[in-house]
Amino acid sequence: MKKPITSLLKLAVVCAIFLLAFTSSLTPSAPAPPADRLQINGAGATFPYPIYSKWFDEYHKLHPDIEINYQSIGSGGGIRQLLAGTVDFGASDGPMTDEQLGQAKEKIYHFPTVLGADIPTYNIPGVDQELKFTSEALAGIFLGKITKWNDPELTKANPGVSLPGNDIVVVHRSDGSGTTYIWTDYLSKVSDEWKTRVGRNTSVNWPVGLGGKGNEGVSGLVKQTPYSVGYVELIYAIQNHMPYGRVRNSSGNFVKADLTSVTAAAAGASKEMPDDFRVSITNAPGKAAYPISSFTWLLIPGKIDDARKRQAITEFLHWMITDGQKLCEALAYAPLPKAVVAKETKAISRIGG
């Protein structure tokens, strides 16, 4: 009886192997990755990282053979890597200086991508109201001259709010940052003392405060530090459910950062946009303008020797200023004015090999 049982077991094993092979052949295999995938590398600003991440992901879905790898390391780092030739493009919230452009081996084009805003965000236990900040208050706080939350410059702008007498903990960026450039550009326009003592740059010698790396780092520090105040790009405050204040603009109105007020700040500049696109819109005129608004830029070499990479980058830029703009508002960025898009379309055609 043992031999028939053994034979039956062997037959069963053979049948099972045959069945497994047959069913496996019916299972569709995963599509193989494109054999000739093109990777484009960029680095720079954290300010627009949420929209850039969305754009690069959506563009990859449309073009599976093109992968855009972007490192959110801050505007200063992006400019350094671009000048060193270690990335295909950079990104910055502050336009490159004439000195930096003079260090480049090739002409560098600035392409505005979206509009955003720096906002003052704070963590004051027991205070749930939306605060109002004058330019004098913001400059005084970051100069270290206004040190208490119940300072008269703050209380007079916020009647009815019970501000505590605790020390203000200032939080700023520790890395080279376009977000810092926008913040210090604004403070330099509204405070002569700030302009003289500190100035505008992607990285400055801060009079006071704790440093956090990236918008993410500043957001995290403010959230975990009672009685703190810092500056981040608008989307980071929204994503992290952080309170942020209104800022008094050049017309004397306290304005909250949103799509409408940021677009209002760009209204005048978009009509007189310089050919190199390097323009500041902080402290812009207009009753509805949010005063700490800015364009942000991709920094693209004017000469790209690799023909396939040149075509991929220029086609992405065209997509970015057209279909890509439709994705902006969901992430709290204001889309580019039509006049700027028209001007950029002409500039893209100048990128050569």
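Data overview
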read-out: Residue, surrounded by the fewest Cβ atoms within 10 Å (Cβ to Cβ), within region 219-233, restricted to residues that are touching a helix residue (DSSP H, G or I) at 6+ places or on another chain (Cβ under 8 Å) and within 21 Å of residue 75 (Cα to Cα); value: 219
read-out: Counted residues, region 256-292 - those being assigned to a helix (DSSP H, G or I), of a type outside the set (A, V, I, L, M) and over 18 Å from residue 47 (Cβ atoms); value: 4
read-out: Every residue from region 66-112 that is assigned to a strand (DSSP E or B) and at pLDDT below 95; value: 72, 92
read-out: Members of region 56-94 that are aromatic (Phe, Trp, Tyr) and surrounded by 24 or more Cβ atoms within 10 Å (Cβ to Cβ); value: 89
read-out: Of all residues making up region 293-323, the number that are assigned to a helix (DSSP H, G or I), touching a helix residue (DSSP H, G or I) at 6+ places or on another chain (Cβ under 7 Å) and not hydroxyl-bearing (Ser, Thr, Tyr); value: 5
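Residues are listed down the side, and each one gets a yes or a no for (1) under 17 Å from the mean Cα position of the chain (by Cα); (2) outside the structural domain of residue 133 (by TED's automatic domain parsing):
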| site | (1), (2) |
| --- | --- |
| 222 | no, no |
| 252 | no, no |
| 259 | yes, no |
| 262 | yes, no |
| 276 | no, yes |
| 286 | no, yes |
| 302 | no, yes |
| 316 | no, yes |
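Let's see how each residue does on (1) farther than 13 Å from residue 40 by Cβ; (2) crowded, with 22+ Cβ neighbours inside 10 Å:
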{"site": "308", "(1), (2)": "no, no"}
{"site": "314", "(1), (2)": "no, no"}
{"site": "322", "(1), (2)": "yes, no"}
{"site": "329", "(1), (2)": "yes, no"}
{"site": "333", "(1), (2)": "yes, yes"}
{"site": "337", "(1), (2)": "yes, no"}
{"site": "348", "(1), (2)": "yes, no"}
{"site": "353", "(1), (2)": "yes, no"}
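Let's see how each residue does on (1) more than 17 Å from residue 282 (Cα to Cα); (2) among the aliphatic types (A, V, I, L, M); (3) assigned by TED's automatic domain parsing to the domain that holds residue 79; (4) buried (at least 18 other Cβ atoms within 10 Å of the Cβ):
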residue	(1), (2), (3), (4)
169	yes, yes, no, yes
183	no, no, no, yes
191	no, no, no, yes
205	yes, no, no, no
214	yes, no, no, yes
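The values are calculated or read from the model by the stated rules, or taken from the named source; none is laboratory data. It should be emphasised that the depicted structure is a prediction, and the values quoted were computed from it without experimental measurement. In this analysis, Cβ positions are derived from the backbone assuming ideal geometry, glycine residues included, and neighbour counts consider all displayed protein chains.
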